[in-house]
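Asks: My questions all concern the structure below.
The values are calculated or read from the model by the stated rules, or taken from the named source; none is laboratory data. All values derive from a computational prediction rather than experimental measurement. Neighbour counts are summed over all protein chains in view; Cβ atoms, including those assigned to glycine, are modelled from backbone coordinates with ideal geometry. Quick note on the areas: whole protein, heavy atoms, side chains included, nothing else; ligands and nucleic acids left out. Shrake-Rupley method; radii C 1.70, N 1.55, O 1.52, S 1.80 Å.
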Amino acid sequence: MRKHGHTTHSGTSPTYNSWTNMVARCHRPSAGRYKDYGAKGITVCDRWRFSFENFLADMGERPEGCTLDRKDNKEGYTPENCKWSTAAEQQRNRKNNVNITIDGITLCLEDWASKSGINKNTLAYRLKAGWSTEKLLSPTTRTLLKSLPNNV
C-alpha cells in the first residue's frame, strides 16, 4: 500500500479531510450529512471513492480558504464536476439562489446587487412584486452591463 503523506500521528491534511468527508457523506449512511447527499443519489466516482491518491492527482492540494465544490449540484463528485472554491463562490452555487438573466448575462441576485449598487433585498422585493428584468435595474446599470467582459 502506498503512503500519501497526508496522515500523521498529529492529524490529517485539509485535502485528506475533504476527501474522507466527501466519501462519507455520499456512501456512509451513518454520516451526519448523508441525508443531503448519498440519500439523494449523490455519489463519488469510483476513481476517487477508492483512492485518495487519484483524488489528489486530479484535484491537487486544497488551497487555503477553499473547500470542495461541485459545479453542478445535481451531479456527483467527479473530476469534471469538482473544483476548490471559496465560501463566497460556494454560496453562489446553491440550489436556492435566484439567478437572473439580463441582456444575456446570468448572475445570482447577490451578484446583481453588488454590480448595480442596489440592495439585494430591494432587488428581491422588486422580483417578488413582479417587476420585469428590464425594469429591475436602473438605466445607468444597464449601460454598465454593456461594458462588462463576456465571461462575467
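Asks: Has region 34-42 got any residue that is farther than 27 Å from THR133 by Cβ, open to solvent by 30 Å² or more (accessible area, probe 1.4 Å) and either touching a residue at least 12 places away in the same chain (Cβ under 8 Å) or assigned to a loop (DSSP other than H, G, I, E, B) (or both)?
Replies: Step one: of region 34-42, the residues farther than 27 Å from THR133 by Cβ are 34-42.
Filter once more, so that each one left must be open to solvent by 30 Å² or more (accessible area, probe 1.4 Å): 34-37, 39-41.
Narrowing the set further to residues that are either touching a residue at least 12 places away in the same chain (Cβ under 8 Å) or assigned to a loop (DSSP other than H, G, I, E, B) (or both) leaves 37, 41.
Yes: one or more hits.
Asks: Take SER18 and decide whether it is modelled with pLDDT of 95 or more, open to solvent by less than 50 Å² (accessible area, probe 1.4 Å) and touching a Leu at 6+ places or on another chain (Cβ under 7 Å). Give the derivation first.
Replies: Numbers: modelled with pLDDT of 95 or more: yes; open to solvent by less than 50 Å² (accessible area, probe 1.4 Å): yes; touching a Leu at 6+ places or on another chain (Cβ under 7 Å): yes.
Answer is yes for this residue.
Asks: Still on this structure, please answer the following. Looking only at residues in region 83-126 that are aromatic (Phe, Trp, Tyr) and in contact (Cβ under 8 Å) with a residue 24 or more places away in the chain, which one is surrounded by the fewest Cβ atoms within 10 Å (Cβ to Cβ)? So that I can check it myself, show each step before the final result.
Replies: The first filter runs over region 83-126 and keeps only residues aromatic (Phe, Trp, Tyr), leaving 84, 112, 125.
Filter once more, keeping what is in contact (Cβ under 8 Å) with a residue 24 or more places away in the chain: 84, 112.
Working: TRP84: 18, TRP112: 23.
Residue satisfying both the conditions and the ranking: TRP84.
Asks: Which condition breaks for ALA24 when tested against (1) part of a helix (DSSP H, G or I); (2) in contact with a strand residue (DSSP E or B) (Cβ under 8 Å, 6 or more places away or on another chain); (3) open to solvent by less than 20 Å² (accessible area, probe 1.4 Å); (4) at pLDDT 95 or above?
Replies: Among (1) part of a helix (DSSP H, G or I); (2) in contact with a strand residue (DSSP E or B) (Cβ under 8 Å, 6 or more places away or on another chain); (3) open to solvent by less than 20 Å² (accessible area, probe 1.4 Å); (4) at pLDDT 95 or above, the lone unmet condition for ALA24 is (2).
Asks: Surrounded by 12 or more Cβ atoms within 10 Å (Cβ to Cβ), among the hydrophobic types (A, V, I, L, M, F, W, C) and at pLDDT 85 or above: is that true of LEU136 in this structure?
Replies: Working: surrounded by 12 or more Cβ atoms within 10 Å (Cβ to Cβ): yes; among the hydrophobic types (A, V, I, L, M, F, W, C): yes; at pLDDT 85 or above: no.
The answer is no for LEU136.
Asks: Oh, and also: Between residues in region 65-78 that are part of a loop (DSSP other than H, G, I, E, B) and residues that are hydroxyl-bearing (Ser, Thr, Tyr), which pairs lie under 7 Å by C-beta distance while being six or more apart or on different chains?
Replies: Going by the 7 Å Cβ cut-off, the qualifying pairs are GLY65/THR86; GLY76/THR43.
Asks: List the number of the failed condition for TYR77; all other conditions in (1) over 30 Å from VAL44 (Cβ atoms); (2) crowded, with 17+ Cβ neighbours inside 10 Å; (3) out of contact with any Lys or Arg (no Cβ under 6 Å at 6 or more places or on another chain) hold.
Replies: Condition not satisfied by TYR77: (1).
Asks: Could you list, in sequence order, all residues of region 71-84 that are touching a strand residue (DSSP E or B) at 6+ places or on another chain (Cβ under 9 Å) and modelled with pLDDT under 95? Steps first, please.
Replies: So the first thing to find is which residues in region 71-84 are touching a strand residue (DSSP E or B) at 6+ places or on another chain (Cβ under 9 Å), and the list is 71, 76-78, 81-84.
LYS71 - this is the single residue of region 71-84 that is touching a strand residue (DSSP E or B) at 6+ places or on another chain (Cβ under 9 Å) and modelled with pLDDT under 95.
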